[in-house]
Amino acid sequence: MIATAERVLAPGFWTDLLTWHVPAGGVVEAFQAIACSDQEGLVVPAAPRGVAVNLDVPGQSWCPGCLMLAQAK
Ligand SMILES: [Zn+2]
């Protein structure tokens with residue numbers, strides 16, 4: 001599943017957390033629409049890449065809404 005990440009700065013941690021979203025519409029560099037929200041998007045999205053639906057990486061997780069969409073495909 002192609003996904004793009006939102007960087008979430010975790011208070012008290014030195015590493016950012018990544019939350020993966022399914023991109024909606026075209027993939028762009030400036031503002032990335034995401035499948036789980038009509039209003040929200042990623043202002044500085046990470047480059048989209050293939051992400052396993054059963055992602056098991058410390059500090060990374062799927063957005064719950066986008067994970068449901070990803071599993072339905
Ligand atoms: Zn999402």
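The values are calculated or read from the model by the stated rules, or taken from the named source; none is laboratory data. From a predicted model like this one, the values you see are computed outputs, not experimental measurements. Counting neighbours? That spans all protein chains shown, and the Cβs are built from the backbone with ideal geometry, glycine included.
Select from region 1-17 the residues that are closer than 14 Å to V43 by Cα and modelled with pLDDT of 70 or more and list them in ascending order. Lay out the reasoning, then the answer.
Narrowing region 1-17 to residues closer than 14 Å to V43 by Cα: 4-8.
Across region 1-17, the qualifying residues are T4, A5, E6, R7.
Give region 45-56 a look and list any residue that's touching a residue at least 24 places away in the same chain (Cβ under 8 Å) and either surrounded by fewer than 11 Cβ atoms within 10 Å (Cβ to Cβ) or charged (D, E, K, R) (or both), or say none. Lay out the reasoning, then the answer.
Filtering region 45-56 down to residues touching a residue at least 24 places away in the same chain (Cβ under 8 Å) leaves 45-53, 55.
Those that are touching a residue at least 24 places away in the same chain (Cβ under 8 Å) and either surrounded by fewer than 11 Cβ atoms within 10 Å (Cβ to Cβ) or charged (D, E, K, R) (or both): A47, R49, G50.
For every residue, the table says whether it meets (1) over 12 Å from T4 (Cα atoms); (2) more than 9 Å from the ligand (Cβ to nearest atom); (3) not in a helix (DSSP H, G or I).
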residue: A33; (1), (2), (3): no, yes, yes
residue: S37; (1), (2), (3): yes, no, yes
residue: P45; (1), (2), (3): no, yes, yes
residue: N54; (1), (2), (3): yes, yes, yes
residue: P58; (1), (2), (3): yes, yes, yes
residue: S61; (1), (2), (3): no, yes, yes
residue: G65; (1), (2), (3): yes, no, no
residue: L69; (1), (2), (3): yes, no, no
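Can you confirm whether A33 is at pLDDT 85 or above and surrounded by 19 or more Cβ atoms within 10 Å (Cβ to Cβ)?
Details: at pLDDT 85 or above: yes; surrounded by 19 or more Cβ atoms within 10 Å (Cβ to Cβ): yes.
The answer is yes for A33.
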